[in-house]
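The values are calculated or read from the model by the stated rules, or taken from the named source; none is laboratory data. On a predicted model such as this, the values are computed, not experimentally measured, just so you know. Glycine also receives a Cβ, built like all others from the backbone with ideal geometry; neighbour counts cover every protein chain displayed. Ligands, DNA and RNA are excluded from the accessible area calculation, which covers all protein heavy atoms including side chains. Shrake-Rupley method; radii C 1.70, N 1.55, O 1.52, S 1.80 Å.
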Amino acid sequence: MVILVDDVSFGATELFGGPIATPNFKALSEHGATYNNFHVNALCAPSRASLLTGYNDHQVGFGTITEAAAPYPGYNTILPPAVTPVAAVLKAGGYSTAAFGKWHNTPYWQANPTGPYDLWPTGRWGFEHFYGFLAAADSQYYPRLYRDRTPVETPQTPEQGYHFTTDITNNAINWLHTHDALEHDKPFFLYYATGATHEPHQVPHQWIEKYKGKFDQGWDVLRQQIFDRQKALGVIPANAKLTPRPAGLPAWDSLDPDQKKLVAHQMEVYAGFAEQTDHEIGRLLATIREEGQADNTLVLEIFGDNGGSAEGGPLGHDAKNADGTIPSVKERLKIANALGNEHYLNHYAAAWAWALTAPFQGTKQDASHLGGTTDPLVVSWPAHYPQAQGLRSQFSHLVDIAPTLYEAAHITPPTTTNSVAQWPLEGTSLLYTLEQPAAPSRHHIQYFATNGNRSIYADGWWAGILAQQTWEGPNGSAYLTQGQHDTHNWELYKLDDDYSQATNLAERYPEKLKELQALFNKEARRNQVDPLRPGIAGLYPVGAASGQKVFTYRSGTSRIDQWHAPHLSGGHYTLEADVDVPTQGGEGVIFADGGLNGGVTLFAQNHHLVYQANSNGYTVGKIRSNSPLNAGKHHIVVSVEPANTATSGAPTPHAKNLGWLTSHKPTPGNVTITLDGKASNTVHFANVAVQTSETLDIGQDLGSAVSTDYTAPAAFSGTVEKLVVTDLQ
């Protein structure tokens, strides 16, 4: 069983001196080994690619996330034929295989209900069963779920207690129970990867309440407290130093009282989210104990796929105005108690991520420092290594997990698959560390590279360069900075004597630095790292990104993701629908694109048509047809025209899909509904090109509702015989 938590700093959990209660992670460590020198890639999809293959991220096409794929071998997110993933190897070796949770390794152009499916979890990746979402992140209350290859809806609403982490745990438990009943003696490989604790930080209120007031001391004091506990627990060396706060992050004492109150509560929400995640993992681990499989199940739990995320910016983010601007802190405080629910896509302030990385420098996306590339690992296999408790400090990396699983399963990975010679694995098994706690590390060289930030490890030495801090880039990201020059200098550290990278030796040992720079260049060439900043390109463009202007739908079409849906960002389009209304009248949704955080919808209510736009939870335009929608067949036209195209500021079609990386100004426009040739009055909308979330649906509104005038799914009582969306830009 491999367990992976998302976006967690090294020092967040109580096991590693952090402020967040993780009793199940701690309990697992009492029956296994704890690793304080385990390394990840500085970004989620690259980490998962290494974990699930045993190869370096660029080597298998995952130098970036799927949403930012670029037409280079190291960044195209296409699994090479010379690589057989872990699940496929284990399945061929007689294992049942299943994956639950976040899946971020299917190319975006395949992530839709019609495939192709070859690079889905149940395709070449080797899993026989999958339940979860295919994206970098999703709502914890309204996720876009797939069961194997079929889109499915959540079994409950948020009001009924639905939460994604609980849902995937229930499904994983049910799979284990079924497997135990039918195939008790057959080995299994279960991959459980939470959407937590990636933004949005969404968790039931009772978990947040547990941390009320516990972060009022601020991030500077919290970081020192974590460091002191790490020393006391012995999870870091006695001579380790605490690295200082970097330029660009504010001192806690520089904040005013309202700012402190807001960001302290953001951290309370995050802490509750992380503890709830540990609770759900505990339920999963309890299942294998109940089935009598705990001692003979090798469990590897990685509490973080990269360092904590500083993508929230100086004061985090939560509420937005209808026009996308950020409200004042005083206004944000008014909704602060609602953070954690389905209405806010909230994220904590960047300095919390830094505080929780104690004692290291760096956060997520920083591949040049340990804070972005180091996370806790616990390995437990009581039946085979009953004495394997305590700390392990050998240098290790995600690429070491696959060889560990193969050695444990007594399986040799194939040298040839489908007549293609397979590359040798990059990592080395960690089972030796369970037997020999003080054995020298067998992992000697490892490169890291993310968005231009890069480094190289070689037998205790580390050299790296920070091209750009996360909070220095646009919208808290370095993705859109293709061609930018490095803004920092190369650094050099001797990790054997300097656990936390506190003393830069670049000036003292220039020849050693040159040696390591040359080694990085060699590894970069070997692993397809160039170009260091590939930017975002329309690789295999689909839908509007490929130039499509006319989209035709009918009843039964649903769960069309934003990559494949029309891009309405220009604000000049038409919807033409032919509907058949039953004798008892037509009610419900005819067309919906988006959800409660943004979208547009055409629906019938009280025998009239309504077209409505929602931006960041606010109604920014609404029009009602003059003519009634009576029984029978009707032809409907919704005409949308921008009022002033010069002010739209719309992003490029490809970038538009990266809504959490990009922003654009509202496009005011004019909307008219024509029913059977009779036009309504024209109504001015404050924004006719809103950022949409969730999916496009015909004849219903799945997930959360675009409009508060109805309750999802609000299925249309009639038939949508045909609906055509035409982009007139």
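Just from its helices, what would the mean residue ellipticity at 222 nm be for the chain, if runs of 4 or more DSSP H residues each count -39500 (n - 2.57) and the sum is divided by every residue, rounded to the nearest 500 deg cm²/dmol?
-6000 deg cm²/dmol
How do the peptides 712-722, 344-354 rank, highest first, by the average count of neighbouring beta carbon atoms within 10 Å per residue?
Descending packing order for the listed peptides: 344-354, 712-722.
With a/c under 1.5 counting as rounded, go ahead and sort the stretch 495-586 into rounded, prolate or oblate using the C-alpha gyration tensor (a ≥ b ≥ c being the square roots of the eigenvalues; past the cut-off, prolate if a/b is larger than b/c, else oblate). Can you show the working numbers first?
Values: a/c = 4.81, a/b = 3.40, b/c = 1.42.
In terms of gyration-tensor shape, prolate.
Expressed as a whole percentage, what fraction of the accessible surface of the stretch 370-428 belongs to carbon and sulfur atoms when a 1.4 Å probe is rolled over the protein heavy atoms?
After summing per-atom areas, the C and S share lands at 53 percent.
Let me know the whole percent of all Cα-Cα pairs from the stretch 540-590 that are separated by more than 18 Å.
Cα-Cα pairs of the stretch 540-590 separated by over 18 Å account for 45 percent.
Among 364-370, 22-28, 460-466, what's the highest-first ranking by average C-beta atoms within 10 angstrom per residue?
The peptides rank, most packed first, as 364-370, 460-466, 22-28.
So how tilted is helix 164-182 from the main axis of the chain? Cα-based, degrees 0 to 90, rounded to 10.
That works out to roughly 70 degrees.
May I ask for the net charge around residue 509, where only other residues with Cβ less than 12 Å from the Cβ of residue 509 are counted and Lys, Arg are +1 while Asp, Glu are -1?
Result for the neighbourhood of residue 509: 0.
Can you give the angle from 0 to 90° between the axis of helix 510-526 and the longest principal axis of the chain, with both taken from C-alpha atoms, to the nearest 10?
So the inclination is approximately 50 degrees.
Could you check how many percent of all C-alpha pairs in the stretch 222-360 are farther apart than 17 Å?
69 percent
What shape does the stretch 270-332 have by the C-alpha gyration tensor, where a ≥ b ≥ c are the square roots of the eigenvalues, rounded means a/c under 1.5, and otherwise prolate means a/b greater than b/c and oblate the rest?
Since a/c reaches 1.5 and a/b is larger than b/c, the shape of the stretch 270-332 is classed as prolate.
Using only the Cα atoms of the stretch 242-298, build the gyration tensor, take square roots of its eigenvalues as a ≥ b ≥ c, and label the shape rounded, prolate or oblate: rounded if a/c is under 1.5, else prolate if a/b is larger than b/c, else oblate. Present the calculation step by step, with values, prior to reporting the outcome.
Working: a/c = 7.40, a/b = 2.63, b/c = 2.82.
The shape class here is oblate.
Identify the residues of the stretch 243-282 with backbone N under 19 Å of a label point that sits 7 angstrom from the Cα of residue 216 along the Cα-to-Cβ direction, or state none.
Hits in the stretch 243-282 for residue 216 at 19 Å: 252-272.
Over all directions, how big on average is the projection of the convex hull of the alpha-carbon atoms in the stretch 31-115, in square nanometres? Intermediate results must be reported in sequence, preceding the final value.
Working: hull surface 30.6 nm².
So the Cα hull casts an average projection of 7.6 nm².
May I ask for the net charge around residue 386, where only other residues with Cβ less than 15 Å from the Cβ of residue 386 are counted and Lys, Arg are +1 while Asp, Glu are -1?
Local charge sum for residue 386: -3.
Name the residue farthest towards the positive end of the dipole of the chain from the options 693, 86, 719, assuming +1 on Cβ of Lys and Arg, -1 on Cβ of Asp and Glu, about the Cα centre.
The one lying farthest along the dipole's positive direction is 693.
Calculate what fraction, in whole %, of the accessible area of the stretch 438-588 sits on carbon and sulfur atoms when a 1.4 Å probe is rolled over the protein chains.
Answer for the stretch 438-588 is 48 percent, counting heavy atoms of protein chains only.
Hey, can you find the accessible area per residue of the chain for me, probe 1.4 Å, expressed in square angstrom? List each step's numbers first, then the result.
Values: 25460 Å² over 729 residues.
Result: 35 Å² of accessible area for each residue.
In what sequence, highest mean first, do 61-69, 585-593 appear when ranked by Cβ atoms within 10 angstrom?
Working: 61-69: 26.7, 585-593: 23.7.
Put in order of decreasing packing, that is 61-69, 585-593.
I want the local charge near residue 372. Using Cβ-Cβ distances under 13 Å, sum +1 for each Lys or Arg and -1 for each Asp or Glu among the other residues.
So the environment of residue 372 carries a net charge of -3.
So how tilted is helix 257-290 from the main axis of the chain? Cα-based, degrees 0 to 90, rounded to 10.
Computed tilt is about 70 degrees.
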